[in-house]
Amino acid sequence: MRNLFFSMIALTAIAIFTISGCNKGGGDEILIGEYGSLTGPNATFGISSTNGLKLAVEELNNAGGLLNKKVKLITYDDQGKPSEAQTVVQRLIKNDNVVAVIGEVASSNSKAGAPICQQNKIPMITPASTNPEVTAIGDYIFRVCFIDPFQATVVSKFILNTLKLKKVALLKDVKNAYSTGLADFFEKEFKNMGGEIVEVQSFSAGDKDFKAQLTSIKAKNPEAIFIPAYYTDVNLISIQAREIGLTVPLIGSDGWESEKLTEGKAKDALEGCYFSTHVSTENPDPKIQEFIKKYKAKYNAMPDAMAFLAYDAGLILFEAMKKAGTTDPEKVKNELAKIKDFSGVTGKISINEQRNAIKPAVILEIKGGQFKFKETVQP
Ligand code: PHE
């Protein structure tokens, strides 16, 4: 009797141990976490990236999965707020036991989530954060896009050599690490190349009235205004710039990329303006065109840069897990660091010493509210 009692306890203990052991890391599923702004002023960033990533996961699972398991994606909305980004990344790692994290798009949010991934030794791949400090957080943090010192060079060259303009004003969002970083890199690079910065003005994301800054800018007679900021603010800025009689081209960066950029009166206000970004949907490259087809079929929408990049972030993560033969975070991190000439939808991806990808940029022109290919700039 007593023996039976003890062996029953032992069996129960083994059962509990096995069940909890199985749940860690997902059992017959590989759990991957994602955080992004599915709501809030940068919602198209999160929606596009989750759509791109879901496509990568779905294709992988349809083709049999990974390491004999299916991949399950757990996505949380951080509303585009750094504090919320921290909360959801913590939840992904501590409650959901994900083995890797993909996100964020906005650099300020990636900078909030990355330290948590680093501390817990969980690999994180940001699809689209371009601020250099993001991957500098630690050896578990990677990205599949170029960084802002390069983007600053791209924009400087374009303004000086293609548009042949020299006097530029700068308008930046002081609440946004991406904006302030890119503005600084641009200021240095543009001056180095012989350009002149005639005025620097700032605002805070979410502001509604930009007339004071735009009036100060107008007084300095710039030939163009560089605005490294996100689409919701740029939409309003462009309308108000035209209202006060500023007619010069507004020049932007990848944060402009959203179908919402040219909504309403901004469609006319931004006509003939330019911004730098990661991909052009007009690129005839079969990989790009095939991705557009698949994305359209699934979502009934055109993919933007975030969708392409998030898809690629998923692909290199799967590749690293395949190479590692395990989802063990440390081994996956080591394989991510070794990715070379991986053929993604956004081109060849090679991860360098700083865990960044070296890739070309494109300049798009806004025409009739659409983004038209203007030129490619090689690294
Ligand atoms: N590069 C931006 C950032 O770091 C995010 C972004 C990427 C936005 C691509 C739009 C398109 O904050």
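The values are calculated or read from the model by the stated rules, or taken from the named source; none is laboratory data. As the structure is a prediction and not an experimental result, all values here were calculated from the model. Positions of Cβ are generated from backbone atoms using ideal geometry, with glycine treated the same way; all protein chains shown enter the neighbour counts. Areas reflect the complete protein model, heavy atoms only, side chains present, ligands, DNA and RNA absent. Shrake-Rupley method; radii C 1.70, N 1.55, O 1.52, S 1.80 Å.
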Mean accessible area per residue over segment 80-119 (1.4 angstrom probe, all protein chains present, square angstrom) is 34
In what order, largest first, do Asp173, Asp341 sit by accessible area if the probe radius is 1.4 Å?
-> Asp341, Asp173
Heavy-atom accessible area ranking, 1.4 Å probe, most first, across Lys69, Lys94 = Lys94, Lys69
To the nearest 10 degrees, the tilt of helix 231-243 (Cα long axis) against the first principal axis of the alpha carbons of the chain is 10
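Any idea what the alpha-carbon Rg over 2.2 N^0.38 Å comes to for the chain?
1.08
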Among Val99, Leu163, Ile197, which residue has its Cα positioned farthest towards the positive end of the charge dipole of the chain, with +1 placed on the Cβ of Lys and Arg, -1 on the Cβ of Asp and Glu, and the dipole taken about the Cα centre?
-> Val99
Between rounded, prolate and oblate, where does segment 148-277 land on the alpha carbon gyration tensor, with a ≥ b ≥ c its root eigenvalues, rounded for a/c under 1.5, else prolate if a/b exceeds b/c?
-> rounded
Sequence of Met193, Met124 when ordered by accessible area, the most exposed leading, probe 1.4 angstrom | Met193, Met124
Per residue, in Å², the accessible surface of segment 327-379 once ligands and nucleic acids are set aside, probe 1.4 Å | 51
accessible surface per residue for segment 148-277, probe 1.4 Å, DNA/RNA/ligands not counted, whole Å² -> 38
Folded to 0 to 90 degrees: helix 286-299 orientation relative to the chain principal axis, Cα = 70
Calculate for the chain the 222 nm mean residue ellipticity that helices alone would give, adding -39,500 (n - 2.57) per DSSP H run of length 4 or more and normalising by residue count, nearest 500 deg cm²/dmol.
-> -14000 deg cm²/dmol
Considering only protein heavy atoms, what is the solvent-accessible area of Lys175 at a probe of 1.4 Å, reported in Å² to the nearest 10?
-> 140
Sorted by chain and then number, the residues having a modelled amide H within less than 5 Å of the amide H of Lys72, at least 5 places away or on another chain, are Ile30, Leu31, Ile32
Student exercise, the chain dipole from Lys, Arg, Asp, Glu Cβ charges, in Debye to nearest 20 = 400
Quote the accessible area belonging to Lys331 in square angstrom, nearest 10, computed with a 1.4 Å probe and with ligands, DNA and RNA left uncounted.
-> 110
Mind pulling the angle between the C-alpha long axis of helix 177-192 and the longest principal axis of the chain? Nearest 10 degrees, somewhere in 0 to 90.
-> 50
What's the carbon and sulfur percent of the chain's accessible surface, probe 1.4 angstrom, rounded to a whole number?
-> 53
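Quick check on the chain: of the DSSP beta bridges with both residues there, what percent are antiparallel, nearest 5%?
About 35 percent, rounded to the nearest 5.
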